[in-house]
Amino acid sequence: MSTTSTFRASGPATDDLSAGAEQFTVSGGDWDDVVAQIAERDEADRLRNDRIVLNMGPVHPSTHGVLRLVLEADGEVVTEVRVGTGYLHTGIEKNMEYRTWVQGETFVTRMDYVAPFFQEVGYALAVEKLLGITDDVPEKATVTRVLLMELNRIASHVVAVGTGGNEMGGTTLMTIAFRCRENILKAFEMVSGLRMNHAYVRPGGLAQDIPEGFTDFVRSVMPDIKHDIHELELLLLENPILKSRFIGVGEISLAGALALGLTGPCLRAAGYPLDIRRTKPYCGYETYDFRVPTYKVSDCYNRLRLRLDESYESLKIVSQCLDRLDEISARGDDPSNTTMVADPTIAWPARMAIATDGQGQSLEHVREIMGSSMESLIHHFKLVTQGFRVPAGQVYQTVEHAKGVLGIHAVSDGGTRPYRVHFRDPSFSNLQSLALMGEGGMIADLVPTLASIDPVLGGVDR
């Protein structure tokens, strides 16, 4: 008849020979069983007490760029997340101090390269505030800015949804998202000559007028854009696999989101309708009809739903912009039917146009400044190379970026170059919430959680 072996740890021994060791009192049973139980207990203690440190990155697909996450894990459960930025080191803000105010647009458009028009418009609005010409910007330029930003919002949101789905193994989602984005990039190429890095928005207006037939083209692709958004909805929202991976994953409370400065879709999914287009309108957003979608719980699933909802609202704004542009164009030579302020010390002396190669200045532009007068040519040369002077002062401008609140703090010392321009990039600010979202979850859940924040590292490491 076998007996059950038991042991009891009596703590450190008091004699010198066994000082620091644990003593066990054993009664009955087989000695091998006692040794096995001691070994099992030691292994359990080791697994429970050992700290596992993992590196996710600094290159990882779900980060959409160069980001390093340092994780501490207890088995598969994440106990701590530390976010390491700075690997892209663009130096954009410092570089802008050595360029003219207009040349700054070529830098800011490269920050969040998935949504460049938000930086371009925000920076232009800040410079216009410093110049005191906010109300002088032609209506056509302002409406075109809104149109481009809302198209860019859709492009950014579908890329977030598509790449996030791709991290879960759904490559089809990414192909649909990029198909949708392609129509938007074609529209961007029509107005600026480039698919990204446009530098099309300038202080005082736009680099050039929108091309003939632009509004008709955008109207022609809008049904396809709407169809692609709806197809993403059908594939995702009721998918049981996606719901099991997204619902309740990466959740953050409204109080936690506000405490950490979280903005954009991540905050609105928690139920707080913060949208700068409503709370502090710019570019005439108060005159457009749209709603600000919200949900009650900010998790991966609701952040996904909210981006799709916002894409539909952006389509509504785009439609209103197209109608307004057609109405403005019908006015003919009305001052509102221009795309740059009239002030010759700020505006280009002749309207820019894209050459046949899609770049540079057109022959019409060159003929105009070369054939008018020497003074006109000198003025053009100084305006382009030296730039215009901006009165000394500082401003803070906010816009509702696709990722959240984008803030621009511009400081002028009265010269032709910025003394300092600092950006509150929403991706950078939102990333600090990852620790709260990820801790206590599984390592595998950290990938969709990070993707649902949708950071772009060009803006983070500006």
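The values are calculated or read from the model by the stated rules, or taken from the named source; none is laboratory data. Treat the numbers as computed from the prediction; the structure is a model and nothing was measured. Cβ: placed from backbone, ideal geometry, glycine included. Neighbour counts: every protein chain shown. Just the protein is used for accessible areas: all its heavy atoms, side chains included, with ligands, DNA and RNA removed. Shrake-Rupley method; radii C 1.70, N 1.55, O 1.52, S 1.80 Å.
Taking region 123-182 on its own, how many of its residues are more than 20 Å from residue 318 (Cβ to Cβ) and hydroxyl-bearing (Ser, Thr, Tyr)?
6
List every residue pair whose Cβ atoms lie under 6 Å apart, where the two residues are 6 or more positions apart in sequence or sit on different chains, the first residue falls within region 259-277 and is within 16 Å of residue 307 (Cα to Cα), and the second residue, located anywhere, is of a type in the set (Gly, Ala, Ser) and crowded, with 19+ Cβ neighbours inside 10 Å.
262/433; 263/404; 264/404; 266/298; 267/257; 269/298; 270/257; 270/298
Hey, residue 215 hits all of (1) within 29 Å of residue 102 (Cα to Cα); (2) free of Cβ contacts under 8 Å to residues at least 40 places away in the same chain; (3) polar (S, T, N, Q) but one; which does it fall short on?
Failed condition: (2).
Looking at residue 188, is it over 16 Å from residue 311 (Cα atoms) and either open to solvent by 10 Å² or more (accessible area, probe 1.4 Å) or touching a residue at least 12 places away in the same chain (Cβ under 8 Å) (or both)?
Working: over 16 Å from residue 311 (Cα atoms): yes; either open to solvent by 10 Å² or more (accessible area, probe 1.4 Å) or touching a residue at least 12 places away in the same chain (Cβ under 8 Å) (or both): yes.
Criteria met by residue 188.
Out of all the residues in region 404-428, which are farther than 30 Å from residue 382 by Cβ, open to solvent by less than 10 Å² (accessible area, probe 1.4 Å) and either free of Cβ contacts under 8 Å to residues at least 24 places away in the same chain or not acidic (Asp, Glu) (or both)? Step through it out loud before you land on a result.
If we filter region 404-428 for residues that are farther than 30 Å from residue 382 by Cβ, which is where we start, we get 404-407, 424-428.
Subset that is open to solvent by less than 10 Å² (accessible area, probe 1.4 Å): 404, 406-407, 425-427.
Selection gives 404, 406, 407, 426, 427.
For (1) touching a helix residue (DSSP H, G or I) at 6+ places or on another chain (Cβ under 6 Å); (2) aliphatic (A, V, I, L, M), each residue gets a yes or a no:
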{"position": "242", "(1), (2)": "yes, yes"}
{"position": "262", "(1), (2)": "yes, yes"}
{"position": "311", "(1), (2)": "yes, no"}
{"position": "319", "(1), (2)": "no, no"}
{"position": "322", "(1), (2)": "yes, yes"}
{"position": "338", "(1), (2)": "no, no"}
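Got a number for residues in region 237-294 being in contact with a Ser or Thr (Cβ under 8 Å, 6 or more places away or on another chain) and among the aliphatic types (A, V, I, L, M)?
The number of residues fulfilling the criteria is 11.
What are the pairs with Cβ atoms under 8 angstrom where one residue, in region 166-182, is at negative phi and touching a residue at least 40 places away in the same chain (Cβ under 8 Å) and the other, located anywhere, is open to solvent by 70 Å² or more (accessible area, probe 1.4 Å) and among the acidic types (Asp, Glu)? Sequence gap at least six, or different chains.
Hits for this filter: 180/224.
Only one of these is touching a helix residue (DSSP H, G or I) at 6+ places or on another chain (Cβ under 7 Å), in contact (Cβ under 8 Å) with a residue 24 or more places away in the chain and open to solvent by 10 Å² or more (accessible area, probe 1.4 Å): 163, 142, 134, 106. Name it.
Working: 142 fails: touching a helix residue (DSSP H, G or I) at 6+ places or on another chain (Cβ under 7 Å); 134 fails: in contact (Cβ under 8 Å) with a residue 24 or more places away in the chain; 106 fails: touching a helix residue (DSSP H, G or I) at 6+ places or on another chain (Cβ under 7 Å).
After applying the criteria, what remains is 163.
Return yes when residue 214 is open to solvent by 50 Å² or more (accessible area, probe 1.4 Å) and either acidic (Asp, Glu) or assigned by the TED database to the domain that holds residue 405 (or both) and no when it is not.
Here the answer is no, as residue 214 does not meet what is asked.
Any residue in region 268-288 that is more than 18 Å from residue 150 (Cβ to Cβ) and either open to solvent by less than 30 Å² (accessible area, probe 1.4 Å) or in a helix (DSSP H, G or I) (or both)?
Looking for residues that are more than 18 Å from residue 150 (Cβ to Cβ) and either open to solvent by less than 30 Å² (accessible area, probe 1.4 Å) or in a helix (DSSP H, G or I) (or both), one finds at least one in region 268-288, hence yes.
Here are some residues: 225, 210, 229. Which one is closer than 30 Å to residue 327 by Cβ, in a loop (DSSP other than H, G, I, E, B) and β-branched (Val, Ile, Thr)?
Being closer than 30 Å to residue 327 by Cβ, in a loop (DSSP other than H, G, I, E, B) and β-branched (Val, Ile, Thr) holds for just one of 225, 210, 229, which is 210.
So, of the residues in region 109-131 that are more than 18 Å from residue 94 (Cα to Cα) and aliphatic (A, V, I, L, M), which turns out to be surrounded by the fewest Cβ atoms within 10 Å (Cβ to Cβ)?
My answer is 130.
What are the residues in region 289-307 that are closer than 17 Å to residue 237 by Cβ, crowded, with 18+ Cβ neighbours inside 10 Å and not hydroxyl-bearing (Ser, Thr, Tyr), if any?
Residues satisfying the conditions are 293, 299, 300, 302, 303, 304, 305, 306, 307.
Within the group 351, 324, 331, which residue is in the same structural domain as residue 189 (by the TED database), at pLDDT below 85 and within 23 Å of residue 138 (Cα to Cα)?
None of the other options fit; the residue is 331.
Looking at 44, 13, 19, can you tell me which residue is at pLDDT below 60, over 30 Å from residue 171 (Cβ atoms) and open to solvent by less than 50 Å² (accessible area, probe 1.4 Å)?
On inspection, the qualifying residue turns out to be 13.
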